[in-house]
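The values are calculated or read from the model by the stated rules, or taken from the named source; none is laboratory data. As the structure is a prediction and not an experimental result, all values here were calculated from the model. Cβ placement follows ideal geometry from the backbone for every residue including glycine, while neighbour counts extend to all protein chains displayed.
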C-alpha cells in the first residue's frame, strides 16, 4: 500500500496565516506556572498538562493525562490518514519549567510573557519560552496547520509530554517500561536543542553522557577548634582539595584510571565537517567574560565540547562559609563531581575508576561517602538513518541555509531512556539559540525561531509521510 | 613602704564556707542570655554586664558600664589596702557567650543551668559555663572571699570585662587606646584557658597567632551549563581545589613562600619539659574519632600544636551544594584559610607570601578577591616574670600537683591587644578542661574546677600582695 500524497504548500500557508494565533497560544501556555520542583505549584503544573491535552483533542488526537507518583504524563495518539503505511512518530517534550528565581533579575514577570523588540526582531520573554514550552508548540502548531489544511495528520503520531523533566524525570523510566507497547514508534522527535545560528538549522546527532556523583570525605567525629587541633589532625577540606586538585594533569587530562580507554576519536571527515562550521571561539569566550580557552591541550574547542569526556566540579562545600572568620576544622567536606561522557564510555566503569582514584588517595582516618545521581551513556544517532534524512530535507524546505549536524556537550537523558527502554532512536531538531538564557532570568525565544520551527515541523511531517514504515 | 601582710587562711575558709553561694551566683549569671552576636539579645547582653557591675560594687569597687558602639564595657577599680605599695593587677574577662545553636543537641536548656553528676563529681551545664562566665566568677568569688575575710582587696585591682569577645572584640582596641592611662597595671590576669588535667593546674605562656583570609577565585561572568561549556572554559572550583591542594607538600610542610623563614625552634630544655608532660596522643585522637596523627613529619604532637605554624582551610563553598544534581560551572568559588602563627612570624609577611603563592598559580582569566579577618602575632610570656612566679606559687598553694607551663594552639587576641596598646604582659591561668565543649552544645564547667579556680585566685592574690610595684 502506498501512502497518500499530501500537498505541503497549503499547510505552510495556514501556519503563516495563523501565526499570530500561534504566538497567542504559546503565551497562554507560558502563563501557566508549571514549576515542577516546587510542591506549591503542583495544581498549576497539572493544569499545564491538561492544557496540552485539550489542544491535542481539538486536533483529532485521542489524548489524556496519565497519573504517576509525581506529575502526570500527557499521552496522545493519532492514527494518521486512513490506510496509511507511514511510520509512527513519537513526539516527546515537557510541559514543566525551571523555577524562576532569582526574581529580581527579571525585567518582566516570568509568567507574564512579554513581546520585546531586539536584534532579531520580536522575542517572547518568559520562563519556559524556549525550554520547553516554545519548542513543544513548534510541533503542536505544525499539527494544527496540518489539521486545518488536510483534516488529518499525515502520519500516525504518538505524543508523550512529561511534567518532571526539570526535576530529573523520576517517573519517566517506569512509565516507559509500563507502556512499552503503547509507545512504540519508528523514531522519536525531540525539540529541546538549538539551531547553529538564527539562519542555520541544526540537527544534534551526538549527546555527551553523564556520570554525576556526590563525594563526602569524613574525618574527625565532630567539628574542631583549629587552634586546639590544627596541624595535628586530618582536616577534611585540606584533604579534599588536595585530592580533587589532582583530577587533571598539567595538560588538562583527567587522571581517573581508565578514563580515556574506550573513547573513540572522531573520524577525519567528521573533524573536517566541524572545522567547516567556522566556530568563533573568541566570541564564545567573550560572551561569558573570558578570553582564554582551557581544557585538554591540542584539541579544538568543538572537539573538547562534543567528542572529549570531561570532569568538572559542580559544587563544593565544607566548614564555615558565612560572613567573617570562624576557626573551625570541619568534620567533613563534600563535592559534586560530574563527568561528561562520549560514545563507548560506560558510566559505571568511569564511576569505578573514580572510586579507585579516591581510594588511592584517602588519608588515614578518612572515609568516603559516595552517592550517584546520573549515569547516562553518550548518544550518537546514526547519520545514515532515513528519519534523519527526512528531518534534514524538511529543514532544507524551510531555511535558505543547509542544516548542519552538530554535537552537544550536554546530556538529554530521555534520549537514552527511549533508546534503552523503547528501543528506537531520537532525532533532535531544535530551534533555540545559544543566548536564550535557558534556566536563567529573562529566558526568551525569538519569534523568528518559533515561526521557522513550526514551518520546519510541518515540512518534516510531509517528508515522513513519503516514507514507508 | 612595706605592704600590709594578710593571712590567706581565713580567705580560703570563707571561700569554702560560701561555695554553695558561689555556685548559685554563677547560675544566676548563666541565666542571663548574653548572646553578643545576635542583636535580638542586645538588652539581655547589657543586663549581664550590669550584673557584673553590681557584684563588684558590693565588694567595694568603683564600677560602671562604659558605652561603646557595640556592647558596653564593665570597668571597675579598687584601691587595695590603704598605703599599699603592691602592684596593680588588671583582671580581664568577657560576659558575652556564643549562640546556643544547634538547640536540639542540648540535653537541658542552654540558659537554665543544670547540675549534673559525672565522672569528676558535679558539673554545671549551660552556655557560658566555662567560656567565660564561670572563669570570670573564679576571680570574682575570690574577690568576695577577700572582702569577707579582710574587708578589702589585698592589692590595687582594675577590672575590664567586655561583651563582644565572641564576635571579635571590635570595640576593644579603640577602648584600650582611649583609656590607656586608666587601665594601666603591672600585669593582666586572664582566666579563659584550661588546666592540664583536673589534677594539674596550668599556666599558658605561649599562644599561637593568626592570619585569617577569605579567598575568592572569579572566572566566567556567570554560572554556566557544564554540558555547554565543560572542558573548554575555566572552572573556578576545579582551579581552586587544584591551587589549594598544593598548600602542603607530601611531608605536610606549608608551601607558602617564606612561611618558615622566621620560625624559632623551641630550645632543648623547652622540648624536654613538653615531653615530661606525658601527652597522650592516642587519647587526644580517640576523643575525636581518629587514630592517626597528621601534620609535619618528624615533630611531636605538642610541638605541632604549640610551636609550629599551620595552614588550615576552615571553609569552602562554590557552585551547587543542595540536594541532587545540578550540572553547573560556577562563576566563582571561595575558601576561608587560616594560618596559626608562632613567635617571630609576622602575619602581614605571611599574607604577602600567600598572595604570591596564589598569584603564581592563577589560571588564565582567573581573578582573586582576598579579604582578611584576623592578623594577630603569636604571644610568649617571659618565663622569668615575677607575676608568673606569683601565679605558679599561688596555684602551688591550692593544688597537690605542681602547675605546668603550657602552650596553646589557639589565639586569644586580647592578650596581643593589651601587650601592644597598654604595654604589659598577661598571665593566663585557666581552669577549664579539654572536654568542656566550649562553643558546642552541652558546654560545662566541673564544680571541682570552679572551686579550685576560686581558691587559686584567692591564693595568687595573697602572693601578689607580697610584691612591691
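Here are some notes:
- Evaluating residue B:310 against the criteria (1) within 10 Å of chain A (Cβ to nearest Cβ); (2) within 30 Å of residue A:374 (Cβ to Cβ) leaves one unmet condition, (2).
- Residue within region B:361-373 that is over 30 Å from residue A:285 (Cβ atoms), at pLDDT below 95 and not in a loop (DSSP other than H, G, I, E, B) present: yes
- Flag for residue B:350 being touching a strand residue (DSSP E or B) at 6+ places or on another chain (Cβ under 8 Å), buried (at least 16 other Cβ atoms within 10 Å of the Cβ) and not assigned by TED's automatic domain parsing to the domain that holds residue B:403: yes
- Taken over region A:316-332, the criterion of being more than 7 Å from chain B (Cβ to nearest Cβ) and touching a residue at least 40 places away in the same chain (Cβ under 8 Å) is satisfied by A:330, A:331, A:332.
- Criterion violated by residue A:435 - all others in (1) in contact with a strand residue (DSSP E or B) (Cβ under 8 Å, 6 or more places away or on another chain); (2) at pLDDT below 90 satisfied: (1)
- Filter result for the condition that a residue is touching a residue at least 12 places away in the same chain (Cβ under 8 Å), in the same structural domain as residue A:36 (by TED's automatic domain parsing) and closer than 30 Å to residue A:351 by Cα, over A:199, A:182, A:165: A:165
- Test for residue B:172: is it in the same structural domain as residue B:14 (by TED's automatic domain parsing) and either without any contact (Cβ under 8 Å) to a residue 60 or more places away in the chain or under 14 Å from residue B:76 (Cα atoms) (or both): no
- Of residues in region A:259-278 being surrounded by 17 or more Cβ atoms within 10 Å (Cβ to Cβ) and modelled with pLDDT under 90, the one farthest from the other protein chains (Cβ to nearest Cβ): A:270
- Filter pass, residue B:302 being within 13 Å of chain A (Cβ to nearest Cβ), farther than 26 Å from residue A:318 by Cβ, in contact with a helix residue (DSSP H, G or I) (Cβ under 6 Å, 6 or more places away or on another chain) and crowded, with 19+ Cβ neighbours inside 10 Å: yes
- Summed over region B:395-418, the residues that are in contact with a strand residue (DSSP E or B) (Cβ under 8 Å, 6 or more places away or on another chain) and part of a helix (DSSP H, G or I) give a count of 6.
- Against the test of being at the interface with another protein chain (Cβ under 9 Å from one of its Cβ atoms), crowded, with 18+ Cβ neighbours inside 10 Å and in contact (Cβ under 8 Å) with a residue 24 or more places away in the chain, the options A:256, A:243, A:288 yield a single qualifying residue, A:243.
- Residue match in region A:279-299 (condition: more than 27 Å from residue B:333 (Cβ to Cβ), at pLDDT 95 or above and touching a helix residue (DSSP H, G or I) at 6+ places or on another chain (Cβ under 8 Å)): no
- Per this entry, residue A:441 is not counted among residues that are within 12 Å of chain B (Cβ to nearest Cβ), part of a loop (DSSP other than H, G, I, E, B) and loosely packed, with under 15 Cβ neighbours inside 10 Å.
- Any hit, region B:38-59, residues being assigned by TED's automatic domain parsing to the domain that holds residue B:182, assigned to a loop (DSSP other than H, G, I, E, B) and free of Cβ contacts under 8 Å to residues at least 60 places away in the same chain: no
- Filter result for residue B:84 (surrounded by fewer than 22 Cβ atoms within 10 Å (Cβ to Cβ), touching a helix residue (DSSP H, G or I) at 6+ places or on another chain (Cβ under 7 Å) and touching a residue at least 24 places away in the same chain (Cβ under 8 Å)): no
- Scanning region A:361-412 for residues being closer than 23 Å to residue A:434 by Cβ, out of contact with any helix residue (DSSP H, G or I) (no Cβ under 8 Å at 6 or more places or on another chain) and within 11 Å of another protein chain (Cβ to nearest Cβ) gives a total of 1.
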